[in-house]
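A.B. asks: Have a look at the structure that comes next, please.
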Amino acid sequence: MFTLGPIGFTAPLLLLALLALPILWLLLRAVPPAPIRRRFPGVALLLGLTDDETQTDKTPWWLLLIRMLAVAAVIIGFAGPVLNPEERVAGSGPLLILMDGSWADARDWARRIERVEAALDDAAQEGRTVAVVSLTDLPAGELPFQSADAWSARLAGIEPRPWQADADDVLQWAAALEGRFESFWMSDGLAQGWRGDLLAMLESHGKVRVFESPQPVIALRPARFEDGLVTVTAIRARAENADEVAIAARGLDPTGIERELARATAVLEAGAGDAEVSLSLPPELRNRVTRFEVAGLRSAGAVSLTDDALKRREVALIAGRDDREGLELLSPLHYLHQALAPTADLIEGTLDDILLANPDAIVFADVATVSPGESEKILEWIDKGGLLVRFAGPRLAASDVSRDIEDPLMPVRLRVGGRTVGGAMSWGEPKGLRPFPEGSPFHGLQVPEDVTVSAQVMAQPDPTLAERSIAALDDGTPLVTRKRIGAGQVVLFHVTANAEWSTLPLSGLFVQILERLAISTRPARPEAADLAGTIWVPEKVLDGFGTVEEAGTLPGRPGEAIAEGVVGPDLPPGLYAGADRSFAVNVIREDTVLEPSSWPARIAVEGLAVARETDLKWMFLSAALALLMLDMLASLWLSGRLTGPRSGLAAGLVALALTGIPTPGDAQDELALRATSEVVLAHVITGDARLDRVARAGLLGLSETLYARTSVEPAEPISVDLETDELSFFPILYWPISTAQPIPSDEAYAKLNRYLRTGGMIVFDTRDADIARFGTGSENGRKLQELARPLDIPPLEPIPEDHVLTRTFYLLQDFPGRHASRDVWVEAAPADAQRIEGMPFRNLNDGVTPVVIGGNDWAAAWAVDEMGRAMFPVGRGYTGERQREIAMRFGVNLVMHVLTGNYKSDQVHVPALLDRLGQ
Amino acid sequence: MTSAADLRSRAEALAGPLPPLLAEAEHLASTVLLGAHGRRRSGMGDEFWQYRAAMPGDEARSIDWRRSARSDAHFVREKEWQAAQSILLWVDAAQSMEFASRPDLTSKADRARLLAMASAILMIRGGERVALAALGTPPRSGEVQLMRIASALGAGAGAEDYGAPEIRGMLPHSRALFLSDFMGDLAPVEAQMTKAADRGVRGALVQVLDPQEEAFPFEGRTIFESMGGTLRHETLKAGDLRSRYLDRLAARKAALSDLARATGWQYTCHHTGDSPQAALLWIYGALERRR
């Protein structure tokens, strides 16, 4: 291959054609552009004019240059230019490409695959057979040597696994290899015990090249909950440089969408292999976190799933006395509610029901006796890990529970009666709290000065009392005692849960104590023995890239394996659900340490970067094409074909390229603007063109009447399509009934119902003067019933004489349109409408009737043409004109009613108002 | 496009909004014929002018008996002396007029015919008598003359490249309207106008040009041909000729303008890209002026 700087040519002989360029130059120069013939009457004026310059008959130099460049680009393009031609190290024999295929590979998996592709390309050019093997997915039997092309197609199927290769499997597989082959080993950069052995085995078969990414491997240890803070530890393999890692807590937000809930930055000091970061999350937020991950890193190791250890507790509250009529602050559960409600799910009910719900903790507030059957069930529940918290109180103090023999549900025996300190009838001061001893679950909590105890139940001194006491008063009397039963425990507070006996429930310490108790109920990591014999079903699993996937039909795993927590093909990392809790198995465990891999000095570790050779042929040919287009444009311009007459085609093409497609305006926005900038009346499009025209003309006539006579000044009416248009802009909808109208869709009905409920009014007009007598109605009447059936229409009645429609603007008792039927129906008045003595009308319902139903064909009476003349005759002579006038007045009343509501109805209050004003 | 009926209707539409063109007649003596032009003095005509007392020598039949019966004296009813103007139209029908640079523009010939026809309608409505040079007939009035003019105008282009006015039977002291692009030889025009001026004929020259003829937007190597193909001119760089062409065009316009001034005529240049209304208004004004 002939190379010129960084560019090589596959067919360099073609470059000789460049020598012909000067000849082409001379040839092109000699040929002037062809003339255009034009008809032009002004030629008479041109006769005798001569051209100034003689040089212009030759093609201008810059045009020649463009053409030369185009031809040169074509020649060079076909000579096969290649950028960065590779000096290949010729290899021979079969090639084994070995990939670690672990989670640590996932971060730059794409680059690894790219490197493998490059190796495959080379192998294809050299005709070598290749086998690509992932150590986490070892092939059975012989090495699958195939042509490189076959492997190129299969590369996409190779994926990193969320675990590391198993040492035994790898060494066993490597020991079985035979024959000579070269090996490329794509290492993930983590130290493994088996690396040295495997390297030695591979070298016995041929040369080994090792590739490693310089990117640091970063992973997350599982989140721990300590002292109210969630602590996450980031670890890394190479500790040379200082680095910062953003750690994101992800989970479902209240709407059920997964999003980042919190973020913290862990600062990895130079030389430090790990860094901790603590997130202070409100319990509500903490309960939502489903996983922590290193932001922007796609790897199973960078994801740490959380399980129940961070979840919200279920706490059952049971009070001894159910005095709902007592004061709320005296309720034994009030302070427990206050303290636990933000952090726990509270359940209340009978003991039987509560035990069925299997809560995390049950709180007894001053409950003395429990029936033997219940007691047995509670014991069973505690045995399985339940936490029973009991508070003392007058009842417990007065009962015989745990007096002589220790009750199984009490941590200690109690002395009769309890004691009172610092009360009106006793000596001494109310007692404070002693700092919590080491070993107490409350150790480390600050004891506020103002927490005092004035009464308590007293524990009988017993040999076990000292170890069971986890909090004590100043004088050493136990305040909180605890007894473990199986996996659970019973805790007794020797004071009440309300503020009667002590101020403890009033202090913040109460909340902290409850929090400590609720957390310490469950050990963070169960022992293998605890889980023995249980089966855990995977709910979510991680793939190598750290993506959480539904587990699907993966089989359950035994508890022992879960407790051991070693991920592998048998135990993919993920969330495993047992009987009552879930348990997260993560790639990285609490004690995982990452070490960088080390290679013997004889092995040169190469990076993943590939200097890919770039074929430049297409670039040169495209450049040639572009130059030729430029030449074409320039020639056209030079010969006047681009700017002069008859340049329409060229100009059109240019314009076509420059102008985009105009975007259609938003019809809905236009409608909204038109409907809301002024008051508009609207009618429903029925599909009957003539009817729609009349309805529109009718509303136009009514609008003009309103404009002339009232302060309502409507704009042009609008025709509304129920299916597509938004209705909420219109105060009133006129709906003429036509048998031709299709039944609107469900969405349209939903829209109509919403319109009616939010104060809209629909005027139904059957236009047959007859419909008001429902049932015996005409065709239009039946159609109306059909149309209105899905509508949310209240009970109706014919307009009563004192309806507000009869007086909103004009005083009316008739509501004629083209027909003069008396029966027009509106929403019925409530049955209890009272007529006040001395008033002309009843105290009627508020609001606007949502429907007016009639058959008087009002639109026809209102309709005017564009000149303002009535479109249809009404009645005969003067009485007809009078009827039209009354129809207009009814329309005015209707619109006034819609716009002003029951304002005229409020006149009933006039006497009262006058009275109040002292008139 | 140029069918007689179509031309007539378009011209009617154009002439509609204008008031009847009442051309002024200056020297009327020799072309006295009854028309709608009152001379503001008594004479022969249809319109009432004045009553005057009968004088000796008045014929008995000229006495207006109805007026005289209301008084003791005899009165003679005099009528206003009315005269019609004769107007001669010449529309260039040569090949060069058929040029239209863009499809959306009308050809110069179309525009000239339209203007001529509109003027004719205006004048006939005003009671004038109109003649079309191409018809060769003496001026006449009436709707029938309009029909004749329309059909003569619709006859189409002649064979020659550039036209020259050739007018016979020009009545003395009449009016003339020449519509042409005046791209050809100016000598016949000059001769004709001199002849007309000798007979006391006044008139207007309307030069109808295509916008392209004003702009000369050509570049590159071009062969220009006249519409009939008789003239051709080749250039290698049309852009260079632009300024010289425009100079010549300006000189041509100046020559026409000077010629018009010398002979008492009016001159304007109208482009087919502009509204014909403006041109018609100008024609109306030009033929009415000079009281």
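A.B. asks: Could you check, for the range A:272-288, whether at least one of its residues is in contact with a strand residue (DSSP E or B) (Cβ under 8 Å, 6 or more places away or on another chain), closer than 21 Å to A:Ala104 by Cα and not in a strand (DSSP E or B)?
C.D. replies: The answer is yes, given that some residue of the range A:272-288 is in contact with a strand residue (DSSP E or B) (Cβ under 8 Å, 6 or more places away or on another chain), closer than 21 Å to A:Ala104 by Cα and not in a strand (DSSP E or B).
Listed here are the residues, each with its yes/no results for (1) over 19 Å from A:Asp108 (Cβ atoms); (2) within 37 Å of the chain's Cα centre (by Cα); (3) surrounded by 15 or more Cβ atoms within 10 Å (Cβ to Cβ).
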{"residue": "A:Trp151", "(1), (2), (3)": "yes, no, yes"}
{"residue": "A:Ala175", "(1), (2), (3)": "yes, no, no"}
{"residue": "A:Met186", "(1), (2), (3)": "no, no, yes"}
{"residue": "A:Leu199", "(1), (2), (3)": "yes, no, yes"}
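A.B. asks: Hey, does the range A:224-247 have a residue that's surrounded by fewer than 20 Cβ atoms within 10 Å (Cβ to Cβ), among the aromatic types (Phe, Trp, Tyr) and over 30 Å from A:Ser278 (Cα atoms)?
C.D. replies: No; the residues of the range A:224-247 include none that is surrounded by fewer than 20 Cβ atoms within 10 Å (Cβ to Cβ), among the aromatic types (Phe, Trp, Tyr) and over 30 Å from A:Ser278 (Cα atoms).
A.B. asks: Right, another one. Within the range B:172-194, how many residues are outside any helix (DSSP H, G or I), closer than 20 Å to B:Met97 by Cβ and more than 14 Å from chain A (Cβ to nearest Cβ)?
C.D. replies: Within the range B:172-194, residues that are outside any helix (DSSP H, G or I), closer than 20 Å to B:Met97 by Cβ and more than 14 Å from chain A (Cβ to nearest Cβ) number 4.
Residues are listed down the side, and each one gets a yes or a no for (1) at the interface with another protein chain (Cβ under 8 Å from one of its Cβ atoms); (2) part of a helix (DSSP H, G or I):
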residue: B:Asp240; (1), (2): yes, yes
residue: B:Ala251; (1), (2): no, yes
residue: B:Ala255; (1), (2): no, yes
residue: B:Gly273; (1), (2): no, no
residue: B:Ala279; (1), (2): no, yes
residue: B:Tyr284; (1), (2): no, yes
residue: B:Leu287; (1), (2): no, yes
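A.B. asks: Quick one: in the range A:859-907, of everything that is β-branched (Val, Ile, Thr) and not in a helix (DSSP H, G or I), which residue is farthest from A:Glu827 (Cα to Cα)?
C.D. replies: First, pick out the residues of the range A:859-907 that are β-branched (Val, Ile, Thr): A:864, A:874, A:879, A:886, A:892, A:895, A:898, A:900.
Still in the list and also not in a helix (DSSP H, G or I): A:864, A:874.
Working: A:Val864: 30, A:Val874: 28 Å.
For the range A:859-907, the residue satisfying everything is A:Val864.
A.B. asks: Report the residue count in the range B:139-156 for those that are touching a Ser or Thr at 6+ places or on another chain (Cβ under 9 Å) and touching a residue at least 40 places away in the same chain (Cβ under 8 Å).
C.D. replies: Residues flagged as touching a Ser or Thr at 6+ places or on another chain (Cβ under 9 Å) and touching a residue at least 40 places away in the same chain (Cβ under 8 Å) within the range B:139-156 amount to 5.
A.B. asks: Of everything in the range B:108-133 that's modelled with pLDDT under 85 and over 16 Å from B:Ala11 (Cβ atoms), which residue is farthest from the other protein chains (Cβ to nearest Cβ)?
C.D. replies: Taking the candidates together, the pick is B:Gly127.
A.B. asks: Looking at the range B:258-271, which of its residues are closer than 23 Å to B:Ala109 by Cβ and more than 14 Å from chain A (Cβ to nearest Cβ)?
C.D. replies: Of everything in the range B:258-271, those that are closer than 23 Å to B:Ala109 by Cβ and more than 14 Å from chain A (Cβ to nearest Cβ) turn out to be B:Leu259, B:Ala260, B:Trp265, B:Gln266, B:Tyr267, B:Thr268, B:His270.
A.B. asks: Checking B:Ala197 against (1) within 14 Å of chain A (Cβ to nearest Cβ); (2) part of a helix (DSSP H, G or I); (3) in contact (Cβ under 8 Å) with a residue 40 or more places away in the chain, which test does it fail?
C.D. replies: (1)
A.B. asks: Only one residue in A:Glu117, A:Glu126 is over 21 Å from A:Ala191 (Cα atoms) and under 39 Å from the mean Cα position of the chain (by Cα), so which one is that? Break it down stepwise before answering.
C.D. replies: Values: A:Glu126 fails: under 39 Å from the mean Cα position of the chain (by Cα).
On inspection, the qualifying residue turns out to be A:Glu117.
A.B. asks: Would you please name the residue that is nearest to A:Ile793 (Cα to Cα), looking only at residues in the range A:865-896 that are in contact with a Ser or Thr (Cβ under 9 Å, 6 or more places away or on another chain) and of a type in the set (A, V, I, L, M, F, W, C)?
C.D. replies: A:Leu894
A.B. asks: Among the listed residues A:Thr705, A:Thr710, identify the single one that is touching a Gly at 6+ places or on another chain (Cβ under 9 Å), at pLDDT 85 or above and among the polar types (S, T, N, Q).
C.D. replies: A:Thr705
A.B. asks: Look at the range B:217-237 and say how many of its residues are farther than 13 Å from A:Leu47 by Cα, buried (at least 17 other Cβ atoms within 10 Å of the Cβ) and within 7 Å of chain A (Cβ to nearest Cβ).
C.D. replies: To start, the set of residues in the range B:217-237 that are farther than 13 Å from A:Leu47 by Cα comprises B:217-222, B:227-229, B:236-237.
Subsequent filtering for residues that are buried (at least 17 other Cβ atoms within 10 Å of the Cβ) retains B:218-222, B:227-228, B:236-237.
Next, from what is left, pick out any that are within 7 Å of chain A (Cβ to nearest Cβ): B:218-222, B:227, B:236-237.
Of the residues in the range B:217-237, 8 are farther than 13 Å from A:Leu47 by Cα, buried (at least 17 other Cβ atoms within 10 Å of the Cβ) and within 7 Å of chain A (Cβ to nearest Cβ).
A.B. asks: Exactly one of (1) more than 14 Å from chain A (Cβ to nearest Cβ); (2) at pLDDT 85 or above is unmet by B:Ala100. Its number?
C.D. replies: The one condition B:Ala100 does not meet is (1).
A.B. asks: Return yes when B:Ser151 is more than 14 Å from chain A (Cβ to nearest Cβ) and of a type in the set (Ser, Thr, Tyr) and no when it is not.
C.D. replies: yes
A.B. asks: If you don't mind, another one. Quick one: B:Pro276 ticks every box in (1) farther than 24 Å from B:Gln95 by Cβ; (2) crowded, with 16+ Cβ neighbours inside 10 Å except a single one, so which number is it?
C.D. replies: Here B:Pro276 clears every test but (1).
A.B. asks: Moving on. So which of A:Thr231, A:Thr265 is more than 23 Å from A:Ala106 (Cα to Cα) and not assigned by TED's automatic domain parsing to the domain that holds A:Asp345?
C.D. replies: Checking each option against the conditions leaves just A:Thr231.
The values are calculated or read from the model by the stated rules, or taken from the named source; none is laboratory data. Computed from a predicted structure; not experimentally measured. No Cβ is skipped: glycine too gets one built from the backbone with ideal geometry, and neighbour counts run over all protein chains shown.
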